[in-house]
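The numbers here are math on the coordinates, done by the rules we state, and not lab data. Computed from a prediction, not measured in an experiment: that's the story for all the values here. Ideal geometry is used to build each Cβ from the backbone, glycine not excepted, and the neighbour counts take in all protein chains shown.
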């Protein structure tokens, strides 16, 4: 069983923010797979299922994402290497897509929470959202909506990451990395 976790914050005020790009990818995967909703309060999130795949959107708010991932992992007895976390990354330019197993959290509170709850050796799908000018602006930046120009290409980016996630279910990580890694949005839109 594979578990895809998209990070974000619940509530309509966060829907279009940079922090919620993980939720957008999960929504697209759930539609694509026609997954059924099997959410329970014990999972602290929206959980969808197909025969071999789970899709989770934690509703704990970003900083407590691990509180949702842990009970789902335990209930379905999912191995760490079968967990794929999709998240925004301010250390990558907007539209960049990278894949990595394990490593640091880079200051991302959602990843910090998951690391504490289950360990670090899960797979990460990192989606670049760009970076504010000053470090002190990070929290505000990720909780703001994408710019108009970014919103125009966001559907194509979400679709691209969804396809990469589907590929992760069939191919080795290195193969997916070589085929789906992007340096920036220009690589997708040009």
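Structure notes:
- Sorting 25, 158 by the number of Cβ atoms found within 10 Å of their own Cβ, with the fewest placed first, yields 158, 25.
- Förster radius 45 Å - calculated FRET efficiency between residue 52 and residue 12 (Cβ-Cβ, nearest 0.05): 0.90
- Selected from 122, 48, 171 as most flexible by GNM, with the chain as the system and alpha-carbon contacts under 10 Å: 171
- Inter-label distance, nm, simple model (7 Å from Cα along the C-beta direction), residue 172/residue 145: 4.5 nm
- Surface/4 estimate of mean projected area, convex hull on alpha-carbon atoms of segment 2-189, nm²: 9.9 nm²
- Relative contact order, percent, segment 2-189 [alpha-carbon distance under 8 Å, six or more residues apart]: 25 percent
- Gain on full stretching of the segment that runs from residue 138 to residue 183 - 0.36 nm per residue minus C-alpha separation: 14.1 nm
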